[in-house]
1. Mind checking which pairs have a first residue in the range 75-91 that is under 15 Å from LEU121 (Cα atoms) and a second that is assigned to a helix (DSSP H, G or I) and among the polar types (S, T, N, Q), Cβ under 8 Å, 6 or more apart or different chains?
2. Quick one: ARG215 ticks every box in (1) at pLDDT 85 or above; (2) outside any loop (DSSP other than H, G, I, E, B) except a single one, so which number is it?
3. Do we have any residue at all in the range 48-59 that's within 20 Å of HIS142 (Cα to Cα), of a type in the set (Phe, Trp, Tyr) and either touching a helix residue (DSSP H, G or I) at 6+ places or on another chain (Cβ under 8 Å) or in a helix (DSSP H, G or I) (or both)?
4. Failed condition for ALA422, given (1) in a loop (DSSP other than H, G, I, E, B); (2) small (Gly, Ala, Ser); (3) within 30 Å of ALA329 (Cα to Cα), with all others met?
5. Sort through THR93, THR98 and tell me the only one that's modelled with pLDDT under 85, surrounded by 14 or more Cβ atoms within 10 Å (Cβ to Cβ) and of a type in the set (S, T, N, Q).
6. Show the residue pairs that are 6+ apart or on different chains and have beta-carbon atoms under 6 Å apart, the first residue being within the range 139-155 and within 17 Å of LEU124 (Cβ to Cβ) and modelled with pLDDT of 90 or more, the second being charged (D, E, K, R) and buried (at least 17 other Cβ atoms within 10 Å of the Cβ).
7. Scan the range 221-237 residue by residue and report those that are outside any helix (DSSP H, G or I) and more than 26 Å from SER283 (Cα to Cα).
8. Is there a residue being of a type in the set (S, T, N, Q) and closer than 25 Å to VAL201 by Cβ anywhere in the range 396-404?
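The values are calculated or read from the model by the stated rules, or taken from the named source; none is laboratory data. Model, not experiment: these values are computed from the prediction. Cβ coordinates were reconstructed from backbone atoms using ideal geometry, including for glycine residues, and neighbour counts include every protein chain displayed.
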Amino acid sequence: MKPVSWARSPLRRLGSVAWGSFWSVPIAMLVATLVIVAVLLWLDAVGASTALANQGWPLAIPGKAAQELASSLVAVHVALIALYFSITLLVLTLAGGTLGVRLIDIWIARRLTRVTLGLLLSGLAASLIALLAVDPDASGAHVARLTLVVLTAATILLLGWLAMALHDLARTIHIDTVIAYLRRRIVDDASAFSDVVAPPVDTDWTRGAVIAAPRSGFVESIDFGSLVRAAQRLDVRIEVSALPGDYRIKGEALGRIVGARTDDEHLTKHFALSGYRSASEGSSFTVRLLVEIAARALSPAVNDFYTALACVDALGSAMTAQGQLSQDAPWLGDEAGTARVHVAIEPFEDLFDAPLKALRHAAAQYPVVAIHLILMLCRARQLVGDPTVRDLLAAHAEATRAHGVQVAVFAPDGQAIDRAIAAPLPATD
């Protein structure tokens, strides 16, 4: 079973980077717009403009009026772009100060955001081309009536789209929306490997050669499928000891290889390294984002413990979903069922231990948050069956209790924290 989830392929990471680029979709839409405008101008040239003129008012636009309309459309689209960028910059600046700058990636990754930018840029480009194409002294095809009519209708529709996009922007960076989104990502990410081989193979990894990191950086993804095929081709067994989210200095071990051939230098290509953390790391990155939001909310500058409580709730769902997966380090096999790759990790502890410690330090100063964290750890503990996970959650609950009692200034607060660890919990199936 897959203990924690991550992006499995560097190709997926490259696709994520390309798709996550702020400009990828707008550029594609801009190119498509140029093609559409060219087709409209061609239709005008072969008779569409003259046919519209024969329809009379309001489609019989004279050349001078057509030029003024095209000029007005350019001004409207420039104003819309300026408005959208100004509001976006203001909102994201405020969000970066309260939520953290890493969460801006969530807004950039939204399809609606990039489509909106593409529509705005495409509208401006089409308006400029229409302005260039209109001949104010002409009366036939060179007035480009069809192009102007279509562009005017598209601009009216764009106004409605922009209103929706601005509303979506406000909702996207709303703190409760962000926390709910991060919670869903972690829970949905809790899935299992489909190619696990049993029983495990006894291997002396100390005899193996180290698969060294080719450069310093964060492990973003591991292409396990390609790694299994490479192990089959070389007739070796491979141990993976680096988790997505782990930082490796150049030369440190990503894993080990044992078998007939241990000199293949191309195995590192199955590990994607990046100079910075990103959402492609999967649950590891998302859990840390939740803790960062909670810690920032509990800072003296923000002092928003309701946000911290929401983050604790989200972490409770995440710990339960990840804790219910098998915690055994899996062996992955090839088509013949031969064990090839050993994912030698301690999944739940690696995913939650350090973040929970960081959250405890922030929550201990707030009795309400400390009590809520203790109760959530106890609730998650009763929903998972793995003894290792249960022991870890119990240890964090006890550490939070001891820390909260130690720093409590008001005696009743300390007593309430002390009692929380034995409080009755909601019934379960």
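1. VAL76/SER127; VAL76/THR155; HIS77/SER127; HIS77/THR155; TYR84/THR116
2. Of (1) at pLDDT 85 or above; (2) outside any loop (DSSP other than H, G, I, E, B), only one is false for ARG215: (2).
3. no
4. The single condition ALA422 does not satisfy is (3).
5. The match here is THR98.
6. Listed by first residue and then by second, the contacts come to THR147/ASP44.
7. Those that are outside any helix (DSSP H, G or I) and more than 26 Å from SER283 (Cα to Cα): ASP235, VAL236, ARG237.
8. no
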